[in-house]
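Some notes on the structure that comes next.
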Amino acid sequence: MGCDEVSNGGIRPGAIIAGAVLLLLGGTMFMERTGIADISFGRIIGPAVLILLGMQTLLQSGAIAIYSRRERLADGTDETDVRRRRGGLAGGLWLVGLGCWMLVSQLHLFGLDYRTSWPLLIILSGITMLVRGSR
């Protein structure tokens, strides 16, 4: 592996994000066309952005995919520089969870709306604190 090649274990975050966008778009269209939910694209933009930002944080901050850069030193040995951002797992989990909560509440899935689903935010906060505390 050359000095400027980056290895992330075969994970391509861009492809994963693009796949998630297509899944969200296709699922939304399917639910709207089959009458499962009356979905306006304007109502899902905010939650979708949070979910995608959270996924990007999870994939690129080392929470899920750890990437490294291997450099060859002058003496012929290899040095690996592993990069991670602190709080990536908890922060990404929070954004994905918040986006999912908003999506469920706005689409009234499972009979939930903002008035009835707010305890889920307390559960999400507890999960996030557990993840942060276990590091």
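Within region 22-56, the residues that satisfy the criterion of being of a type in the set (S, T, N, Q) and under 17 Å from Phe110 (Cα atoms) are Thr28, Thr34. Count of region 89-135 residues, restricted to those that are over 30 Å from Met29 (Cβ atoms) and not in a helix (DSSP H, G or I), is 2. For residues in region 1-43 being assigned to a helix (DSSP H, G or I) and either hydroxyl-bearing (Ser, Thr, Tyr) or in contact with a Pro (Cβ under 8 Å, 6 or more places away or on another chain) (or both), which is modelled with the highest pLDDT? That would be Thr34.
Candidates in region 106-129 are the residues that are among the polar types (S, T, N, Q) and at pLDDT below 90; of these, the one that is nearest to Gly42 (Cα to Cα) is Gln106. Under 6 Å by Cβ, and 6 or more places apart or on different chains, what pairs join a residue from region 75-94 that is surrounded by 10 or more Cβ atoms within 10 Å (Cβ to Cβ) and at pLDDT below 75 with one that is in a loop (DSSP other than H, G, I, E, B) and of a type in the set (Ser, Thr, Tyr)? Here the result reads Arg85/Ser61, each pair linking region 75-94 to a residue that is in a loop (DSSP other than H, G, I, E, B) and of a type in the set (Ser, Thr, Tyr). For Gly46, are the conditions met, namely being modelled with pLDDT of 80 or more and small (Gly, Ala, Ser)? Here the answer is yes, as Gly46 does meet what is asked.
The values are calculated or read from the model by the stated rules, or taken from the named source; none is laboratory data. These numbers come from a predicted model, not from an experiment. As a convention, Cβ positions derive from the backbone with ideal geometry for all residues, glycine included, and neighbour counts pool all protein chains shown.
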